[in-house]
Amino acid sequence: MSGTALTARLRLAVGAIGRMTDGVASHVVVALAVVVGVQIALTAALFFSVEHNGWLTYQGGDQIWLITSGWLLGQGTLPYALGGPAWPVLVMPLTWITGASSGIGAACVRELARRVAGASGLPADWLNDGVKAWISARHETTAGNLPQFPHLRLTMPTPEYLLAMKCMAARIGSTGDDADDTGDVVFLARHLRLTSPDAVMAIVSAYYPPERIPVKTQFLVESLFEEGRL
């Protein structure tokens, strides 16, 4: 095939594509439907081409900052514009409703917890966020002997921090179904070799200001020593 013939065919092909594009563009609804359809098809193709667990996929962590940047702007802090200067402005109204999290991550964790509960015969609320009331500004965690994964880092509170949280909660169950922290406090205090109420309260005070420590915490710690459990 000569160069002239090839050029002519290419011009015909380009012309046909151009006429088709103009025809689609002349109908806004049709054009929008085509663009949306192509985007959905490409997204689906990408989804099935990467590693995924059900409908969950690993996104590298950037999505966390993309939401957090909008939340920071909503709190009056100018964030680093990772996705462009306009992105935090667009996300900011959403974060006024959802907070620093879009809610998707929490929903995923709750669904996974529900599945684990069903498979293992655990109570439906075996995994909950009740501990958030006792999170300290001196948040100390350790990897300990927990398993680690390429895209998931597991941590747990240090023994001292966990003891302080348990003492702050200070739940004393009156029946077998009530939550009770006394056993955990005894175990952790023995593990840390604490031999007096003052030693336990010193750890609690290291994580929480005095005005935040309830009277029941002091009462629980002293009663455990008086009863000989510590």
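What follows draws every value from the coordinates through simple rules; no lab data is involved. This is a predicted model, so every value here is computed, not measured. So basically every Cβ, Gly included, is an ideal-geometry build from the backbone, and we count neighbours across all protein chains shown.
Annotations
- The calculated FRET efficiency for the pair Ala41 and Leu127, based on their C-beta separation and a Förster distance of 45 Å, comes to about 0.75.
- Segment 138-230: GluC sites (Glu not before Pro) in DSSP coil with no more than 16 other Cβ atoms inside 10 Å: Glu140, Glu227
- Value of relative contact order over segment 61-214, rounded to a whole percent, pairs C-alpha under 8 Å and six or more apart: 14
- Computed E for Tyr80/Thr142 - FRET, C-beta separation, R0 22 angstrom, nearest 0.05: 0.15
- Tilt relative to the chain, helix 62-74 - C-alpha long axis, 0 to 90 degrees, to 10: 80
- Amide H contacts of Tyr208 (H built 1.01 Å from N, in plane; Pro and chain starts excluded): no residue 5 or more places away or on another chain comes under 5 Å.
- Under 5 Å, built H, 5+ apart or other chain: amide partners of Thr141: Thr158
- Sorted ascending by nearby beta carbons within 10 Å, beginning with the fewest, Ser136, Ser196, Ser69, Ser49 become Ser49, Ser196, Ser136, Ser69.
- Nearest 10 degrees, 0 to 90: helix 197-207 Cα axis against the chain principal axis: 20
- At R0 = 35 Å, FRET efficiency that the Cβ-Cβ distance of Leu12 and Val50 yields, to 0.05: 0.35
- Couplings for segment 155-171, taken from phi via the Karplus curve 6.51 cos²θ - 1.76 cosθ + 1.60 with θ = phi - 60°, read 9, 9, x, 5, x, 5, 5, 5, 4, 4, 5, 5, 5, 5, 5, 6, 7 Hz in order; Gly and Pro are left as x.
- Structure-derived volume of the Cα convex hull per residue in Å³ - corresponding label in (i) 146; (ii) 241; (iii) 173: (ii)
- Rounded, prolate or oblate (a/c below 1.5 giving rounded, otherwise prolate when a/b exceeds b/c) for segment 1-51 by Cα gyration tensor: oblate
- Loop chymotrypsin sites (Phe, Trp or Tyr not before Pro), segment 86-156, which have at most 12 other Cβ atoms in a 10 Å radius of their Cβ (DSSP): Trp126
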